[in-house]
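Quick note: the coordinates plus some simple rules give every number you see, no bench work behind them. Computed from a predicted model, the values in this text were never measured in an experiment. With ideal geometry, Cβ positions are generated from the backbone for all residues, glycine too; neighbour counts draw on all protein chains shown.
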Amino acid sequence: MYMIESGNVAAATGVQLARTQVIAAYPITPQTPLTEKLSEFVESGVLDAQYIPVESEHSAMAVCIAASTAGARAFTATSANGLLYMHEQLHWAVGARLPLVMCVANRGVGAPWTVWNDQQDSMSQRDVGWIQLYANDHQQIIDTTIKAFRLAQTVSIPVMVCYDGYLLSHTYMPFDKPDQEKVDAFLPPFTPRHFLDPEDPGNFNTVTLPDIRPGVDGTIEPGYMEIRHNLHQELREAIEVYQEIDREYQEQFGRGGTPLVEEYRCDDADYVAVCIGSLSYQFRDVIDLMREKGAKVGVMGIQMYRPFPDQAIVAALADRKGVIVFEKALSYGNQGPLYGDIKSALYSCEKKPALSNYILGLGGREIKTSQLIDALTEACAGQAAEDAPRWIGLKL
Amino acid sequence: MRKDIIEIRWHGRGGQGAITAAKIVANAAFVSGYKGVVMAPTFGTERRGAPVFTSLKISKQKIYDLSPITTPDMVVVLDHSLLEEVNVVDGLKDDGLVILNGPKPASEYSFAGARVAVADVTSCGVQAGLPPGIVNSGIIGAFSKATGLVELDLLVTAIKDEFVGKKPELNAKAAEITYENTFIGDI
Amino acid sequence: MAPKEFCKMLSRSKPGPGDGGKTGSWRVLRPVIDLEKCIPAKKNKKACFTCWLYCPDSVVSKTVPPSINLEYCKGCGICAEECPAGAIEMVDESSFIVEDK
Amino acid sequence: MDNKATILNLTEEEFVHPGNRACSGCGLSIVYRIGLKALGKNTVLVVPPSCLTVMQGLYPVASTKIPCVNVTFASTGAAASGVRGAMKALKKDGVNVVAWAGDGGTGDIGIQALSGACERGEDIIYICYDNEAYMNTGIQRSGTTPQGVLTTTTPIRGKLQEKKDIPAIIAAHGIGYVATASAAFPLDLYEKVKKATTLSGPRYIHVHTPCPPGWNFATRYTIKVGKLAVETGLFDLYEIEDGRLTLTGPSKRLLGKKRKPVKEYFDVQGRFKSLDPELVETLQGRIDAKWENYNDQQQQ
């Protein structure tokens with residue numbers, strides 16, 4: 001069934017179709033309409049869930065952590081400083097291996113205050129161990145949200161579904177709402193082997209020693225380092241797991257096929273622009289216009305950022321003349337975070353593409369198609385092959 | 001930059017329902033065969049009474065560019081008092097169209113060469129039985145008459161769907177009355 | 001993907017005694033019950049059990065007479081301090097070394 | 001209560017294993033042991049960092065036979081809300097969801113989450129064991145450290161500010177049940193926890209919990225020190241229901257009676273050794289004024 005709604009409502013609809021059982025959230029722009037919609041779903045009985053209107057984002061994640069430990073499917077959503085306020089809890093949730101799903105409506109972080117879009121918030125959480133998926137339009141928001149629940153509970157690692165604040169969160173566009181029956185078949189209920197159970201009392205997230213140690217029955221159990229090592233290994237395996245999940249989703253719903261990266265006119269492209277989120281779609285018009293003039297260019301959107309699908313990225317970029325990374329985030333004092341990751345992934349290639357890095361759209365600065373054409377043209381001419389990022393639309 | 005995209009900018013005041021109006025048109029346009037529909041409200045803090053605008057882009061193809069409209073093909077103005085505060089024709093294309101809720105005849109308004117369509121939407125709404133000040137359903141009738149982009153019956157259906165539980169019949173009637181009372185000025 | 005050993009994924013402890021080891025070794029003074037004075041012992045029925053109630057480490061049994069699990073008793077002396085009959089004496093551990101051997 | 005708790009009728013079933021890492025003479029150990037007896041098996045615990053975290057055991061051994069989720073320091077009230085939310089979503093009734101935290105975890109870093117849970121009317125029991133400083137990290141002052149107490153962060157003059165009245169703050173949320181108790185009066189504690197299990201909504205129990213190393217007294221005096229706090233009228237045992245405060249048990253018996261001078265309580269602990277006589281007098285004055293008020297209310 002087609003709907004024309006905002007990206008936030010697309011996300012909320014995905015959460016509803018996933019039969020989420022516990023929802024906790026705290027208002028923050030531009031995420032708020034998502035949780036408003038969920039509270040409406042719960043109050044009207046469309047969704048049989050507990051909605052807990054907490055007093056902070058830190059508490060929102062606390063509710064999700066505890067509810068998930070108790071065996072319920074849990075969800076929250078946030079943006080910007082709300083996500084940063086959760087930082088400690090993000091580490092906790094993944095260390096506890098809980099299959100949470102959280103939507104992040106990407107927004108720039110303060111100071112100074114901004115409510116507008118960039119991706120500094122989620123990019124700054126890239127090292128906590130959560131899986132990060134990015135959606136480029138409303139159809140991807142709802143589909144990715146549903147797939148995220150399946151992925152999270154398959155690998156016991158929480159998943160962040162990120163989409164651009166305002167540009168997607170508040171923009172209305174058509175998307176298909178999958179049938180509940182088919183979603184139910186795709187996403188089985190959450191039935192953890194261990195939960196807070198008086199019949200089988202376990203103590204979760206206890207203090208863990210530097211070294212391994214025998215348990216009550218004499219079995220040697222892992223230390224902190226083994227637990228963390230296993231997280232990393234299974235996070236790496238999640239790349240393949242998500243591809244399988246996406247294949248299955250595609251079979252059931254006829255959509256998907258780009259779980260890791262999404263390429264547009266890249267087949268014979270000498271130069272590929274790389275970016276995350278809706279910008280990669282805005283770039284399609286740029287590519288079309290430049291192709292009309294004979295430039296062999298394409299654009300690639302990163303859909304899974306953590307774990308970093310380096311093999312897929314190397315396969316897509318290795319033989320290009322140039323790779324140009326456009327980012328709405330910065331690792332301050334260094335370069336764009338995605339740029340650094342891509343550069344490191346391409347290090348092993350024999351023929352290394354020329355690399356350029358552009359920073360744009362911070363704090364909602366408008367990105368004009370003409371600016372993108374200028375930058376990409378400049379980079380294709382080899383004039384931006386340097387590590388220091390160039391800034392687009394800066395008015396100094 | 002894409003030639004296939006029709007760009008419509010909606011001017012209203014916070015709380016006046018410009019977003020809802022644009023959303024109704026988006027729905028009806030989609031049903032009538034425009035596969036690309038993107039409606040984006042003012043990004044940021046919307047405050048009741050303050051001037052706001054909403055972008056609506058429609059095309060037969062999928063639309064990828066989400067940036068706000070800068071060169072609209074047409075602008076819809078929900079409240080003529082905005083004309084004193086906002087340059088509603090900013091960036092309007094050369095053969096652009098202005099659809100205005102105003103009490104005076106079309107010949108009284110001039111927008112530097114742009115075509116003008118005027119309806120007294122406020123009065124039409126009252127005539128339909130709505131409380132005074134509800135203009136976001138009525139303006140859709142003016143939009144349909146002035147642009148011919150989307151058939152009135154599709155728009156009326158979309159109005160009834162949107163206003164479920166909020167006087168759908170009266171809002172639909174407001175659009176119909178406004179449609180009949182929309183006057184298109186000479187260039 | 002093969003099902004994962006969930007237990008190896010996270011820190012989930014199972015209940016059991018002696019997480020801190022044989023905490024009886026923490027003791028400097030050992031509680032010794034004088035059965036001549038101990039109320040349940042004297043009455044030969046369930047009574048008093050003040051020592052059982054207050055013991056922080058649940059090493060005193062609610063039996064007639066009460067007994068103390070010296071494997072885990074940390075020797076705090078609360079039982080001796082609170083015994084209404086003055087039946088428990090805290091005795092220097094060193095005096096038991098020969099006896100224990 | 002139908003059956004008054006006595007030593008003899010108190011269950012022999014233990015929910016805490018011996019050989020755990022609590023200090024010798026630990027007041028919390030008594031509170032925990034007795035509290036769990038009152039809560040019973042059908043309980044889920046939520047615990048932030050505190051002495052209890054260590055006492056509950058290091059992975060993979062737990063000292064408690066009750067399921068427990070350890071959570072971040074600031075999140076206890078919210079996490080307990082989450083457990084209850086899951087229980088409701090999964091249609092599991094009859095489980096006590098119990099947050100168990102120290103005074104810092106409750107009244108300082110945890111007060112936001114606790115306040116939120118109280119305001120929302122979450123169906124949880126919150127037990128705060130108040131040992132009046134950050135003991136787990138080595139005796140730093142907390143909001144509930146009393147005036148004049150030496151801690152490692154108030155090392156010379158003692159704490160300059162008064163103790164934060166957490167139960168009063170929680171009671172101000174208008175929740176159905178607020179009680180205070182003491183490690184030194186286990187049966188009173190037992191009855192209050194037991195009563196809490198029969199009620200619903202947010203229930204808060206604040207337990208005065210002597211700490212031999214933190215308060216600097218010999219391990220054998222844990223009960224004696226706890227009793228003195230009550231008998232001097234410094235720490236009062238009460239229940240607040242429907243906005244009405246009622247003194248209970250040992251504190252109730254002090255009404256209209258002469259209380260022991262608070263100096264007796266100070267003198268048996270090393271942490272008060274820098275108190276000057278003037279401050280002792282001030283503190284005694286405050287206690288006297290408070291009890292005058294209690295006595296007046298009693299007569300009305």
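For C:LYS42, the aspartates and glutamates whose Cα falls under 18 Å of its own Cα, not counting residues fewer than eight places away in the same chain, are C:ASP34, C:GLU82, C:GLU89. For chain A, the Kirkwood hydrodynamic radius from C-alpha pairs, put into Stokes-Einstein at 25 °C and a viscosity of 0.890 mPa s, yields a diffusion coefficient of 113 µm² per second. Among residues other than C:ALA85 with Cβ under 14 Å from its Cβ, the summed charge is -2 (Lys and Arg +1, Asp and Glu -1).
Under the combined filter of DSSP loop state and at most 16 neighbouring Cβ atoms within 10 Å, the range A:69-148 retains these chymotrypsin sites (Phe, Trp or Tyr not before Pro): A:TRP113. In this structure the amide hydrogen of D:TYR59, modeled in the peptide plane, comes within under 5 Å of the amide hydrogens of A:VAL207, A:THR208, A:LEU209, none closer than 5 places in sequence on its chain.
Residues with beta-carbon under 14 Å from that of D:GLY176, excluding D:GLY176: net charge, scoring Lys, Arg +1 and Asp, Glu -1? Before the final figure, lay out each step's value.
Values: positive: D:ARG120, D:LYS192, D:LYS195, D:ARG203, D:ARG244; negative: D:GLU119, D:GLU122, D:ASP123, D:GLU239, D:GLU241, D:ASP242.
Overall, the nearby charge balance is -1.
Shown for A:HIS87, B:HIS11, A:HIS58, A:HIS232: other C-beta atoms within 10 Å of each C-beta, ranked fewest to most, produce the order A:HIS232, A:HIS87, A:HIS58, B:HIS11.
Per residue, the average separation of C-alpha pairs within less than 8 Å and at least 6 apart gives chain D a relative contact order of 17 percent.
Counting only other chain Cβ atoms within 10 Å of each residue's Cβ, the peptide A:154-161 averages 1. Just report the Cα centroid separation between the range B:37-84 and the range A:346-374, whole Å. Cα centres, the range B:37-84 to the range A:346-374: 29 Å. For chain C, a Kirkwood radius taken over Cα pairs fed into Stokes-Einstein (25 °C, viscosity 0.890 mPa s) yields D = 158 µm²/s.
Using a Förster distance of 60 angstrom, determine the FRET efficiency expected from the C-beta separation of A:LYS293 and D:THR137, and round it to 0.05.
Values: r = 66 Å, r/R0 = 1.10.
It comes to 0.35.
Projecting the Cα atoms of B:TYR34, C:SER11, A:GLY165 onto the charge dipole of the protein assembly as shown (Cβ charges, centred on the Cα centre) puts C:SER11 farthest toward the positive pole. Residues whose amide H comes within less than 5 Å of that of A:ASP137, counting only those at least five positions distant or on another chain, are absent (H built at 1.01 Å from N in the peptide plane).
Okay, helix-only estimate at 222 nm for the protein assembly as shown: each DSSP H run of n ≥ 4 adds -39500 (n - 2.57), divide by all residues, round to 500 deg cm²/dmol; what do you get?
On the way: 34 runs with 342 residues, N = 984.
Helix-only estimate at 222 nm: -10000 deg cm²/dmol.
A dipole drawn for the range A:231-287 from +1 and -1 charges on Cβ atoms has a positive end, and of A:GLN243, A:VAL272, A:LEU231 the residue lying farthest that way is A:VAL272.
Applying a threshold of 27 Å to the alpha-carbon distances of B:LYS104/B:LYS166; B:LYS3/B:LYS35; A:LYS293/B:LYS3; B:LYS160/D:LYS88; B:LYS23/B:LYS166; D:LYS195/D:LYS258 flags B:LYS104/B:LYS166; B:LYS160/D:LYS88; D:LYS195/D:LYS258 as lying beyond it. By the rule of a C-alpha distance below 18 Å, with chain neighbours fewer than 8 residues away ignored, the aspartates and glutamates paired with B:LYS173 are B:ASP120, B:GLU151, B:ASP153, B:ASP161, B:GLU162. Among A:MET102, A:MET225, A:MET123, which one shows the biggest mean-square fluctuation in a GNM of chain A, springs joining Cα atoms closer than 10 Å? Of A:MET102, A:MET225, A:MET123, the most mobile in the Gaussian network model is A:MET225.
How would you classify the range A:2-186 from its alpha-carbon gyration tensor, with a ≥ b ≥ c the square roots of the eigenvalues: rounded for a/c under 1.5, else prolate if a/b is greater than b/c, otherwise oblate? If you can, show how the numbers build up before the last one.
On the way: a/c = 1.40, a/b = 1.07, b/c = 1.31.
Note, shape of the range A:2-186 comes out rounded.
Which pairs break 32 Å Cα to Cα here: C:LYS37/C:LYS74; D:LYS91/D:LYS194; D:LYS37/D:LYS252; A:LYS182/D:LYS41; D:LYS192/D:LYS260? From C:LYS37/C:LYS74; D:LYS91/D:LYS194; D:LYS37/D:LYS252; A:LYS182/D:LYS41; D:LYS192/D:LYS260, over 32 Å: A:LYS182/D:LYS41.
On the basis of the beta-carbon distance and an R0 of 51 Å, A:GLU350 and B:VAL86 show a calculated FRET efficiency of 0.30.
From other protein chains only, count the Cβ atoms within 10 Å of every residue's Cβ in C:70-77, then give the mean. Mind showing how you got there, number by number?
Numbers: counts 0, 2, 4, 3, 10, 4, 12, 7.
That average works out to 5.
Straight-line reach from A:LYS352: taking Cα to Cα under 20 Å and skipping same-chain neighbours fewer than 8 places apart, the lysines in range are A:LYS296, A:LYS321, A:LYS343.
Axis of helix A:57-69 versus longest Cα principal axis of chain A: the two differ by about 50°, to the nearest ten degrees. The trypsin sites (Lys or Arg not before Pro) of the range A:181-241 meeting both criteria, a DSSP state outside H, G, I, E and B (loop) and at most 13 other C-beta atoms within 10 angstrom of the site's C-beta, are A:ARG193. Less than 16 Å from a label point 7 Å out along the Cα-to-Cβ axis of D:LYS41: which backbone N atoms in the range A:194-220 qualify, by residue? Residues passing the 16 Å test: A:197-202.
What is the distance in Å between the Cα centroid of the range B:121-178 and that of the range A:82-126? The range B:121-178 and the range A:82-126 have Cα centres separated by 42 Å. Against chain A, whose longest principal axis comes from its Cα atoms, helix A:224-253 is set at around 70 degrees. DSSP assigns beta bridges within the range B:6-184; of those with both partners inside it, close to 55 percent run antiparallel. Put in order of Cβ neighbour count within 10 Å, fewest first, the listed residues A:GLU292, B:GLU151, D:GLU191 become A:GLU292, B:GLU151, D:GLU191. Close amide H pairs (under 5 Å, H built 1.01 Å from N) link A:GLN132 with A:MET160, A:TYR305, A:ARG306, residues at least 5 positions away or on another chain. Taking a Cβ cut-off of under 14 Å around D:THR11, the surrounding Lys, Arg, Asp and Glu residues balance to a net charge of +3, with basic ones at +1 and acidic ones at -1.
What is the range A:14-93 by shape, rounded, prolate or oblate, if you read a ≥ b ≥ c off the alpha carbon gyration tensor as root eigenvalues and call it rounded for a/c under 1.5, prolate for a/b larger than b/c, and oblate otherwise? The shape class here is oblate.
Expressed as a whole percent, how much of the Cα-Cα distance distribution for the protein assembly as shown exceeds 43 Å?
Beyond 43 Å sits 47 percent of the P(r) for the protein assembly as shown.
Remark: the Cα gyration tensor places the range D:73-221 in the prolate category, a/c being 1.5 or greater and a/b exceeding b/c. Within the range D:226-269, whose backbone N sits under 12 Å from a point 7 Å along Cα→Cβ of D:GLN299? Residues D:256 qualify, since their backbone N sits under 12 Å from the label point. Relative to the longest principal axis of the Cα atoms of chain A, helix A:32-44 runs at roughly 40 degrees.
For the range A:261-391, the Kirkwood hydrodynamic radius from C-alpha pairs, put into Stokes-Einstein at 10 °C and a viscosity of 1.306 mPa s, yields a diffusion coefficient of 110 µm² per second. In the range A:96-137, which residues have a backbone nitrogen under 20 Å from the label point lying 7 Å from B:ARG2's Cα in the Cα-to-Cβ direction? Counting backbone N atoms under 20 Å from the label point, the list is A:135-137.
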